[in-house]
There are 2 protein chains.
Amino acid sequence: MAQRVINFNPGPSALPLSVLEQAKSEMLDFQGSGMSVLETSHRSKNFEAVLDSAIQRTRRLLGLDETYQVLFIQGGASLQFAMVPMNLAAGKPVDYVDTGVWSTKAIKEARLCGKETRVVGSSEDMQFTYIPEKIVINPDAAYLHITSNNTIRGTRWKSFPDAGAVPLVSDMSSDIFSRRFDPRPFGLIYAGAQKNVGPAGVTLVIIREDMLKRVPKELPTMLRYSTYAENRSLYNTPPCFSIYICELVLKWIEETIGGLDQMEKINEEKAAVLYDYIDSQDFYRGTARPDSRSRMNVTFLLPEAEMEKDFLAGAADAGLYGLKGHRSVGGLRASIYNATTIEAVKALVDYMKHFAKGR
Amino acid sequence: MAQRVINFNPGPSALPLSVLEQAKSEMLDFQGSGMSVLETSHRSKNFEAVLDSAIQRTRRLLGLDETYQVLFIQGGASLQFAMVPMNLAAGKPVDYVDTGVWSTKAIKEARLCGKETRVVGSSEDMQFTYIPEKIVINPDAAYLHITSNNTIRGTRWKSFPDAGAVPLVSDMSSDIFSRRFDPRPFGLIYAGAQKNVGPAGVTLVIIREDMLKRVPKELPTMLRYSTYAENRSLYNTPPCFSIYICELVLKWIEETIGGLDQMEKINEEKAAVLYDYIDSQDFYRGTARPDSRSRMNVTFLLPEAEMEKDFLAGAADAGLYGLKGHRSVGGLRASIYNATTIEAVKALVDYMKHFAKGR
């Protein structure tokens, strides 16, 4: 029996144990085929059923109507930072809200792609510790890009901006499938799978029909969203095993957890356990402005940065891993994505109490 | 105990059983870390050791000197069809030899990228059933691109063209690590992993220093080879699990098989068993010109195309899968990559004899 730790990694991150157990049990023989998923043709009936199921589960969980297509693309959210402006700018300026490192990178890529890129809101004045309220909505924009959840500073958009007729585009890498939202204002949503959906190596892209009409024909084949839409993500060999794990995670959300509303309720409870404790004492200090707090990444500080090493060493002794803050900002961070249980969060709070008492 | 079949899939394709068994045994607990590889941070010591080992094994197996870098990129060989001309054209014309579908696609992408693209050799006149001898070497070319092995028509370059000072670039997706070759004339080699190296979802790219100097700064970050070279393929989250499986396969070639020379010898023997049988009788007919035959993909025809259905059904009954020819050309094809055993090939020949006798 494997000795499992509690994993607060920011991504790649914890997966549901039942998903890993199924992947393990099928490793040599996928659904009675006599071969591993790793060896199965992407054009086989077995794999096509996995891909279809991942698409249908995504549609059901997010409540997508028939105007949306679900695509699986390689290259991570970082490749989407370039593909979005390349495909969707359509000769117009593109608007971005800057809420920290990942938004900043998306803005940089849009400029690198030669697009007129406007920053229409930013929380840089306070080190990105909040979500800006003041956003300029330009009706001439091709789209308005936001980052729904910000892993590094631990902030999230509680509700999304109203951009009128301008389609929203969101990087939802770190909170997709964690909460209910209305997809209709979104022209495109992308999410690197390795936080809430599956392992590294595949990016979920949800695109609305009208956005597909913008795709320039002169882009390289693999950089056009239309290539994936027209070939059901099977123009070339997709990252089959990563999609297979995503399907198992989506099945777990639908069938074991009971759907997105139930998933959101659990995530609310988990975040409340941590934030309520942080707010109830003076030793630890949360770094995000309370109204902008993420439910996925809880960032906090110790009274002195020098204590972090001891905190992390003691946590590891207690079987709690992945609590170090991002190298760009320091501090501590607990990433509590979908697969993190409430028991794991309670174990962390118990350890935090224990550590604080010892000082 | 899983009932395993014999898998002649063209890619994704058979993996060594010992690799699958190790992946299975570590699925819940990777190297005593208490978490799956799927959950492990790409910046952890455990994963960095996997990545380093995959790079070092590639260097040793191929005999790469210090002027080469080994990169892991997402998007498949199809993305490389665009990245190669985008990164390496450097304002010069780019030359291609057309040996069938995959070369043809590479040529199409180079043109789509707006590069002056010349086809300096082709076997289109005989449906790509041979490797052309007559190739125009243009000293002004940025590079000369070839496809070392052609999966669909079952041909391979026995030796590579001498292009003088013009660097060779090769798509080696379907025969890398299957044979010894001199890497020094190559400026860049790329290989989708899902045939001879691992699962789908990662592409191995080997690039020479002088090629890195050609990379234009204005390309999007994820489309520049220099991004991967400068960040040891860790600019963003790489496809960790796919790289992990590649490392296990490379370890198997080095430690279980005994290195590339031994691997090549086994591949020679395997291909000889099949071709010797095909040449010894009149029922089956090989489709590639004998001097151009692939050792990885053995393509052949039955006396009548109508018999194929029965052949494939009988093969499946005998536990032999993946023998259907590519949908673009029909016929039959046995893909006998590194992980296919000589016993598997002998079982196929036994079945072929049995089927021929029954007609």
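So which residues in the range B:308-317 are open to solvent by less than 60 Å² (accessible area, probe 1.4 Å) and over 23 Å from residue B:289 (Cα atoms)?
Within the range B:308-317, B:311, B:312, B:313, B:314, B:315, B:316 qualify.
Tell me whether the range B:149-157 contains one or more residues that are touching a helix residue (DSSP H, G or I) at 6+ places or on another chain (Cβ under 6 Å), open to solvent by less than 10 Å² (accessible area, probe 1.4 Å) and assigned to a strand (DSSP E or B).
yes
Quick check on my filter: what residues within the range A:1-53 are within 7 Å of chain B (Cβ to nearest Cβ), free of Cβ contacts under 8 Å to residues at least 24 places away in the same chain and aliphatic (A, V, I, L, M)?
A:2, A:20, A:27, A:28, A:35
Restricting to the range A:14-38, what's the tally of residues that are in contact with a strand residue (DSSP E or B) (Cβ under 6 Å, 6 or more places away or on another chain) and under 27 Å from residue A:172 (Cα atoms)?
Number of matching residues: 1.
Just to be sure before I move on: is residue B:339 under 30 Å from residue A:236 (Cα atoms), of a type in the set (A, V, I, L, M) and either modelled with pLDDT under 95 or not in a helix (DSSP H, G or I) (or both) in the structure I sent?
Criteria met by residue B:339.
Among (1) open to solvent by 50 Å² or more (accessible area, probe 1.4 Å); (2) over 22 Å from residue A:195 (Cβ atoms), there is one condition residue A:302 misses while meeting the rest; what is its number?
(1)
Restricting to the range A:55-69, give me the number of residues that are out of contact with any Gly (no Cβ under 9 Å at 6 or more places or on another chain) and either open to solvent by less than 10 Å² (accessible area, probe 1.4 Å) or within 8 Å of chain B (Cβ to nearest Cβ) (or both).
Of the residues in that region, 3 qualify.
Show me the helices (runs of 4 or more DSSP H) entirely contained within the range B:15-102 in which 2 or more residues are among the basic types (Lys, Arg).
B:45-62
Residue under question is residue A:191, and the condition is that it be crowded, with 24+ Cβ neighbours inside 10 Å and either assigned to a loop (DSSP other than H, G, I, E, B) or within 14 Å of another protein chain (Cβ to nearest Cβ) (or both); does it hold?
So residue A:191 passes the test.
Of the numbered conditions (1) within 14 Å of chain B (Cβ to nearest Cβ); (2) farther than 26 Å from residue B:227 by Cα; (3) touching a Lys or Arg at 6+ places or on another chain (Cβ under 9 Å), residue A:87 satisfies every one except a single condition; which is it?
(2)
Search the range A:283-295 for residues being closer than 15 Å to residue A:129 by Cα and not charged (D, E, K, R), and hand back the single one that is surrounded by the most Cβ atoms within 10 Å (Cβ to Cβ).
The selected residue is A:294.
Checking residue B:243 against (1) within 14 Å of chain A (Cβ to nearest Cβ); (2) open to solvent by 10 Å² or more (accessible area, probe 1.4 Å); (3) among the β-branched types (Val, Ile, Thr): exactly one of these is not met. Which one?
(2)
Take residue A:75 and decide whether it is assigned by TED's automatic domain parsing to the domain that holds residue A:147 and open to solvent by less than 10 Å² (accessible area, probe 1.4 Å).
In short, yes.
Look through B:274, B:320, B:250, B:332 and report the one residue that is under 24 Å from residue B:16 (Cβ atoms), under 21 Å from the mean Cα position of the chain (by Cα) and not assigned by TED's automatic domain parsing to the domain that holds residue B:102.
Just one listed residue meets the conditions, B:274.
If residue B:175 satisfies all but one of (1) under 25 Å from residue A:241 (Cα atoms); (2) within 14 Å of chain A (Cβ to nearest Cβ); (3) among the acidic types (Asp, Glu), what's the number of the condition it fails?
That leaves (2) as the condition not met.
If you go through the range B:99-129 one residue at a time, how many are buried (at least 22 other Cβ atoms within 10 Å of the Cβ) and acidic (Asp, Glu)?
1
Can you say whether residue B:322 is within 14 Å of chain A (Cβ to nearest Cβ) and open to solvent by 20 Å² or more (accessible area, probe 1.4 Å), as far as the supplied structure shows?
yes
The values are calculated or read from the model by the stated rules, or taken from the named source; none is laboratory data. Everything quoted here is computed from the prediction, not taken from an experiment. Methodologically, a virtual Cβ is constructed for each residue, glycine included, from the backbone with ideal geometry; neighbour enumeration extends over all protein chains shown. Calculation scope for accessible area: heavy atoms of the full protein, side chains included, ligands and nucleic acids excluded. Shrake-Rupley method; radii C 1.70, N 1.55, O 1.52, S 1.80 Å.
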